[in-house]
Amino acid sequence: MEEKKIPQEDSTEKSKKVETAEDVLKRIEKNYDLDEDLDENSNDEEENEENHLELQESSKQQENQEEEVEETDPPTIDISYEVNQEEMSNSLIHSNFSGGNLIMSIVACTIGGIGFIYYFIKAISSGINNYYLLSLMCLGIILIATAFQVYMIKSHVKKMNDKFLFRMRVYSDRIEMGPRDNAFVMEMNGQYQSEIYKEMLIIYVKRSIVILPKHCCNEETFEKIYEIVKAGTKPRKK
């Protein structure tokens, strides 16, 4: 009998087939791991985008809230203006600004004038030279008091002109002067005095004044401001 030969598979081919299958499995596992990483990365990116959008929305809401807060109490009138030196000097002299300097100057000039006349007459009638000297001293008091007052007014005018452009915001119950974040607030509750002097609205605030010339705004705006000031202040005592 002839022996049938069973064909034997080549061991190299079998090893190749086995290795190829393992490689395929490994590749599948690697691809699966990569897909998971990609999914996680995409999820992280989506979460970051959502957080970014939420932050933008919250910031917009805060800005809108701040604008709403600012708009809840808008000024009735908001103007910027300048006051020339002549108007400022006239108003300061008229108002006796800075704690009675003008009154002191007037008193000094009055005393000096009376002394000058008295000692000058005495010097002529008696012929004593000392009276001439005293009369000259009284005249010097008049000159010093006048020069001091002029200097104070000019220095104050220059200081106010160099400081900033006047900014006035008028509300129904108050007036704000200066920048919004550092404004000087005048409550219209009757604690201040006011008047119209030479086409200027003057508000007397402690040892200072607030000036609004009529030409700095139109007539209708000036009248509205004056009505609010008139209702919230007392007329100045003459």
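The values are calculated or read from the model by the stated rules, or taken from the named source; none is laboratory data. Being a predicted model, the structure only gives us computed values, none of them experimental. Every residue, glycine among them, receives a Cβ derived from its backbone with ideal geometry; neighbour counts consider all protein chains shown.
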statement: Residue pairs within 7 Å by beta carbon, gap of at least six or interchain, first lying in the stretch 203-231 and free of Cβ contacts under 8 Å to residues at least 40 places away in the same chain, second among the acidic types (Asp, Glu) and surrounded by fewer than 19 Cβ atoms within 10 Å (Cβ to Cβ), listed first then second, are Lys214/Glu199
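I need the full set of residues from the stretch 150-172 which are modelled with pLDDT of 80 or more and surrounded by 11 or more Cβ atoms within 10 Å (Cβ to Cβ), in order please.
Phe166, Arg167, Met168, Arg169, Val170, Tyr171, Ser172, listed by residue number.
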field: Test result for Ile202, over 30 Å from Ile114 (Cα atoms), β-branched (Val, Ile, Thr) and out of contact with any Asp or Glu (no Cβ under 7 Å at 6 or more places or on another chain)
entry: no
Meets criteria (under 27 Å from Ile228 (Cβ atoms), surrounded by 12 or more Cβ atoms within 10 Å (Cβ to Cβ) and either basic (Lys, Arg) or under 42 Å from the mean Cα position of the chain (by Cα) (or both)) for Ser105: no
message: Against the definition (at pLDDT 85 or above, over 21 Å from the mean Cα position of the chain (by Cα) and farther than 30 Å from Ile117 by Cα), how does Tyr197 come out, yes or no?
response: yes
statement: Counting only residues in the stretch 100-115 that are closer than 23 Å to Tyr204 by Cα and among the polar types (S, T, N, Q), the one modelled with the lowest pLDDT is identified as Asn101
- request: With the checklist (1) farther than 30 Å from Ile111 by Cα; (2) in contact (Cβ under 8 Å) with a residue 24 or more places away in the chain in hand, flag the one item Leu139 doesn't pass.
  value: (1)
- prompt: Is there a residue being under 28 Å from Ile93 (Cα atoms), in a helix (DSSP H, G or I) and either in contact with a Lys or Arg (Cβ under 9 Å, 6 or more places away or on another chain) or of a type outside the set (D, E, K, R) (or both) anywhere in the stretch 117-128?
  reply: yes
